[in-house]
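Some notes on the structure that comes next.
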Amino acid sequence: SRQQGRFLAIMDDDLGDLSELMGDDYQHGGNADEGDPNVKPKVAPPPKAFVQSITESSVLVQFPAQRQFLKKVLVQAMPVIMIKDPSDPFASFGAGGVEVTATGDPPEATEARLVGLRPGTAYIARLVLTNPAGTTKGEISGKMLTKCAVPKAPTFFHAKPNSIFIRFDAQGKQGAQEVSRLTIGVARAGAKDPFDPANKPGEMSDGSARCGELKQARIQKLRPGSMYCFRLIVHNAAGKVIGETSQPMLTMPGPASRLREDSKSRTSDSVHLKFEPHYQHLTKLTMQYTKIEGTKATFEQLMKKNGKSVSIDDPQNATECLVTGLEGNKKYVFRLLAENKSGRNVGPILGPITTVEHAPEMLDKSGWMTILPKMSGKKTLSRRLSVKKKDKGEKYWFVIDGRLLNWFTDTDCKDEIDFLHLSKLKRITYVPDGDGQARQFALDIKDGTKISLECSSSDPNVTTHDYTMSWMTAIQNALTAQPDEEKPKSEGRRASILAATESELQDEDEGDEDFGDFEEGGFGGFEEEGFGDADEGGDAPEEEPEGVEQFGDDFGGFGDDDDDEEDGDEFGGFD
């Protein structure tokens with residue numbers, strides 16, 4: 001025990017001046033865990049990014065408190081794309097590197113926000129610690145990626161009825177940003193927020209390695225003539241960024257409506273056409289029409305030759321168009337051309353439609369009829385065929401004035417061909433066609449001659465049979481009319497003719513009984529030298545009924561758009 005006491009005394013004497021050797025910290029209770037102010041700080045561990053706080057230009061990094069009597073804590077970040085020497089990444093720190101001071105008291109600091117970073121760019125980071133003894137550079141972190149920049153709104157490039165082409169800036173061209181996926185949002189325009197889920201927006205994505213280099217896209221399966229909005233959504237490891245919403249963009253109109261004719265309104269110079277309303281944001285609706293004549297040609301070729309157009313008022317809601325200024329007894333074809341600010345589209349072709357032959361009402365009765373060639377002599381088969389092929393008769397304008405029947409080359413009645421006073425008429429005969437319809441009739445003259453007439457109606461509201469019967473009735477009525485019922489005749493050629501035949505009229509009044517009310521075949525069949533039996537074909541082949549026909553392949557026209565697809569809100573992928 002005496003030796004032990006001596007030992008303690010020696011220790012106390014030998015260590016009495018230890019506070020002088022250790023400094024003030026020894027007196028305040030220094031801790032080895034906090035380091036030695038006379039020794040450089042330990043190498044700091046790599047900082048870690050707080051993912052939830054990453055933005056396009058900043059990253060919040062975190063690390064444990066370093067203590068060690070630190071006077072300064074710096075965080076340095078270096079963009080990976082600017083590293084020149086992989087063995088020493090921070091050797092080129094001056095070119096694009098970012099340095100910030102940690103937040104709070106250096107010994108207790110645990111985080112720092114790196115600002116001024118490039119969007120969509122990968123960075124590496126490290127801590128730089130400084131105490132009285134010197135500076136130590138910490139371990140390098142793994143990659144930490146900033147979010148991509150907010151994409152600008154796409155712009156309109158081109159449109160078709162079922163698709164729109166848009167353009168936008170490349171989001172990651174030449175490594176400017178790291179993009180893992182590019183998404184295009186599409187929604188119907190009009191709502192306050194088109195991309196609200198309640199408005200059922202759609203999306204299309206591309207996750208290829210080069211998606212960041214795309215600069216345009218085609219969005220398909222859209223509705224013709226409709227407004228749409230678009231936006232870009234850019235994805236990378238840091239998250240997604242939703243871009244600006246574009247201005248509304250319009251698809252081209254679909255094919256214009258199918259035309260249909262109101263045949264009851266057809267005249268010699270006009271055709272009334274109807275169609276369904278278009279809507280589709282139309283700015284112009286045009287009726288195109290052209291006359292068919294000559295050789296076969298497409299609609300476009302006919303339009304270049306003699307086509308015409310009529311602009312229709314209220315293009316979005318219009319349902320009809322009256323085309324005027326047409327020529328009588330001519331064939332026309334029609335189609336609609338719909339336009340909006342994105343383009344134009346044509347509709348199916350209607351026709352040919354044959355206009356009614358121009359036939360103004362004159363005096364008691366007027367109209368067109370054909371005088372058939374005479375067939376006197378023996379009716380052989382070869383003779384009938386030659387007549388049918390070479391001569392189908394001449395068409396003239398006939399006018400009944402009282403009991404005078406005149407015929408002219410045209411409706412102006414300037415060039416008279418011949419005339420017949422009906423007092424010289426013996427009887428009217430006709431034989432119906434195989435289907436029981438009247439088309440031809442004959443005027444048997446008392447001198448034994450015969451005038452064979454053929455009728456044809458181009459009016460869809462009057463059949464050829466009714467037109468033929470109307471002429472036979474008009475001639476019959478003119479014969480049975482009393483002289484005092486006749487209209488006063490003007491001075492001139494006709495007056496002199498009536499005066500010369502007045503005595504004949506008186507003699508023939510007794511013969512009116514020969515003209516009874518005629519029924520079908522009421523006046524007996526044709527004489528052998530007349531038309532011949534109906535079964536033998538008559539003097540001319542029966543023509544097809546006039547009217548609206550389907551327009552054939554000879555006229556071509558616009559086909560279906562290659563990109564037209566079934567309407568719907570399912571949006572296709574990139575093209």
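Consider Ala109 carefully, then state whether it is in contact (Cβ under 8 Å) with a residue 24 or more places away in the chain and touching a helix residue (DSSP H, G or I) at 6+ places or on another chain (Cβ under 6 Å). Here the answer is no, as Ala109 does not meet what is asked. Within the stretch 339-357, residues that are farther than 23 Å from Phe156 by Cα and acidic (Asp, Glu) have Cβ atoms under 7 Å from residues that are assigned to a strand (DSSP E or B) and open to solvent by 20 Å² or more (accessible area, probe 1.4 Å) in these pairs: Glu357/Trp368, counting only partners at least 6 apart in sequence or on another chain. Out of Thr463, Thr449, one residue alone is open to solvent by 60 Å² or more (accessible area, probe 1.4 Å), of a type in the set (Val, Ile, Thr) and in contact with a Pro (Cβ under 9 Å, 6 or more places away or on another chain). It is Thr463. Within the stretch 253-274, identify whether any single residue is in a loop (DSSP other than H, G, I, E, B), touching a Leu at 6+ places or on another chain (Cβ under 9 Å), of a type in the set (Lys, Arg) and touching a residue at least 60 places away in the same chain (Cβ under 8 Å), and answer yes or no. Yes, that holds for at least one residue.
Regarding Arg210, is this residue open to solvent by less than 50 Å² (accessible area, probe 1.4 Å), of a type in the set (D, E, K, R) and more than 19 Å from the chain's Cα centre (by Cα)? When the stated conditions are applied, Arg210 does not pass them.
Taking the residues in the stretch 271-318 that are out of contact with any strand residue (DSSP E or B) (no Cβ under 8 Å at 6 or more places or on another chain) and among the small types (Gly, Ala, Ser) as candidates, determine which candidate is nearest to Leu250 (Cα to Cα). Only one residue fits best here, namely Ala297. Only one of the listed residues (Lys137, Lys160) is charged (D, E, K, R) and under 30 Å from Met227 (Cβ atoms). That residue is Lys160. Consider Lys152 carefully, then state whether it is closer than 30 Å to Lys341 by Cβ, touching a residue at least 60 places away in the same chain (Cβ under 8 Å) and either open to solvent by 60 Å² or more (accessible area, probe 1.4 Å) or touching a helix residue (DSSP H, G or I) at 6+ places or on another chain (Cβ under 6 Å) (or both). In short, yes. Screening the stretch 432-446 for residues that are out of contact with any helix residue (DSSP H, G or I) (no Cβ under 8 Å at 6 or more places or on another chain) and more than 17 Å from Gln476 (Cβ to Cβ) and picking the one that is most open to solvent (accessible area, probe 1.4 Å) gives Asp435.
Within the stretch 271-282, the residues that satisfy the criterion of being surrounded by 15 or more Cβ atoms within 10 Å (Cβ to Cβ) and either modelled with pLDDT under 90 or within 18 Å of the chain's Cα centre (by Cα) (or both) are Phe275, His278, Gln280, His281, Leu282.
Residue by residue, here is whether (1) surrounded by 18 or more Cβ atoms within 10 Å (Cβ to Cβ); (2) modelled with pLDDT of 90 or more holds:
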{"residue": "Gln301", "(1), (2)": "no, no"}
{"residue": "Asp313", "(1), (2)": "no, yes"}
{"residue": "Thr319", "(1), (2)": "no, yes"}
{"residue": "Val333", "(1), (2)": "yes, yes"}
{"residue": "Glu361", "(1), (2)": "no, no"}
{"residue": "Pro373", "(1), (2)": "no, no"}
{"residue": "Ser376", "(1), (2)": "no, no"}
{"residue": "Lys379", "(1), (2)": "no, no"}
{"residue": "Arg384", "(1), (2)": "no, no"}
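Being surrounded by 12 or more Cβ atoms within 10 Å (Cβ to Cβ), of a type outside the set (Asp, Glu), closer than 30 Å to Leu326 by Cβ and modelled with pLDDT of 85 or more, is that true of even one residue in the stretch 416-430? Yes, some residue in the stretch 416-430 is surrounded by 12 or more Cβ atoms within 10 Å (Cβ to Cβ), of a type outside the set (Asp, Glu), closer than 30 Å to Leu326 by Cβ and modelled with pLDDT of 85 or more.
If only residues of the stretch 117-140 that are of a type in the set (Gly, Ala, Ser) and under 18 Å from Thr55 (Cβ atoms) are counted, the one that is surrounded by the fewest Cβ atoms within 10 Å (Cβ to Cβ) is Ala122.
Looking across the stretch 67-86, the residues that are assigned to a loop (DSSP other than H, G, I, E, B) and over 24 Å from Thr130 (Cα atoms) come down to Ile83, Lys84, Asp85, Pro86.
The condition of being open to solvent by 20 Å² or more (accessible area, probe 1.4 Å) and either without any contact (Cβ under 8 Å) to a residue 60 or more places away in the chain or out of contact with any helix residue (DSSP H, G or I) (no Cβ under 8 Å at 6 or more places or on another chain) (or both) holds for only one of Ser246, Ser180, Ser226, that being Ser180.
Checking each residue in the stretch 259-286 for being in contact with a Lys or Arg (Cβ under 8 Å, 6 or more places away or on another chain) and aliphatic (A, V, I, L, M) picks out Leu259, Leu273. The number of residues in the stretch 284-299 that are β-branched (Val, Ile, Thr) and open to solvent by 90 Å² or more (accessible area, probe 1.4 Å) comes to 1. Among the residues of the stretch 194-216, the ones that are outside any loop (DSSP other than H, G, I, E, B), in contact with a Gly (Cβ under 9 Å, 6 or more places away or on another chain), among the hydrophobic types (A, V, I, L, M, F, W, C) and modelled with pLDDT of 90 or more come to 1 in all.
Considering only residues in the stretch 321-331 that are in a loop (DSSP other than H, G, I, E, B) and either basic (Lys, Arg) or without any contact (Cβ under 8 Å) to a residue 60 or more places away in the chain (or both), the one that is least open to solvent (accessible area, probe 1.4 Å) turns out to be Leu326.
The values are calculated or read from the model by the stated rules, or taken from the named source; none is laboratory data. Note that this is a predicted model, so its numbers are computed, not measured. Cβ coordinates were reconstructed from backbone atoms using ideal geometry, including for glycine residues, and neighbour counts include every protein chain displayed. To get the accessible areas, we keep the full protein, side chains included, count just its heavy atoms, and leave off ligands, DNA and RNA. Shrake-Rupley method; radii C 1.70, N 1.55, O 1.52, S 1.80 Å.
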